[in-house]
1. Counting only Cα atoms, I'd like the Rg/Rh figure for the stretch 33-162, Kirkwood definition for Rh.
2. Say a paramagnetic label sat at a point 7 Å from the Cα of E47, along Cα to Cβ; which residues of the stretch 59-75 have their backbone N under 14 Å from it?
3. How are the Cα pair distances of the stretch 65-124 distributed, in percent, across 5 Å bins from 0?
4. What ³J(HN,Hα) values, in whole Hz, does the Karplus curve 6.51 cos²θ - 1.76 cosθ + 1.60 give for the stretch 50-66 when θ = phi - 60°, with x put for Gly and Pro?
5. Order these by the 10 Å Cβ neighbour count, fewest first: K94, K154.
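Where a number appears in this text, it was derived from the coordinates with a stated rule and is not lab data. Source: prediction; values computed, not measured. Virtual Cβ from ideal backbone geometry, glycine too; neighbours counted across all protein chains shown.
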Amino acid sequence: MTKSANETVIYPFVAFNFSVEIRVDGVAMQICDAAFSECDGLEMTMEVKTIREGGNNGHQIRLTGPLNFGQVTLKRGMTETFDLWKWMNLMLTKPDTRADAEVVVFASDGTTERARFILSRCVPVKLKAPPLNAKDGMVAIEELQLAYESLSLKDDSGTSGQ
């Protein structure tokens, strides 16, 4: 259901309520369904070329070019498996191994899904272990960086767009 611009949004999007799901063929059906404290880099940038028409100084033409995608950085995450490490090691022998990832944004109640960012053909760029601490009982990840080939948004109405 699409909301009009004049309609009041009852549940605003909150930046602290999200999860990350990653699937890699050959490693695990879902190698990561982790909670991270920070996610940055969900972005698309379109190159624009400006053309000026001779003799018309008050007008310019803007042509759209290719899209460029960012690099997602996930910080301070926790997972119960070593599958992310296995995926990184697999990249040494099979560099064409790609993953599909989804960043799910929840409403303030923590369960209602508000939006889903879909990242296609992801490659792990950096995987950093945290400082080791004897008090923690789970495998923690300090930082995971993913390069992706495309980004689309699937909102709460079920539509997907790029």
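1. So for the stretch 33-162, dividing Rg by the Kirkwood Rh gives 1.13.
2. Inside the label zone: 63-69.
3. Pair shares across the bins are 4, 13, 17, 23, 20, 13, 7, 4, 1.
4. 9, 10, 9, 8, x, x, 10, 6, x, 9, 9, 10, 10, 9, 7, x, x
5. Lowest count first: K94, K154.
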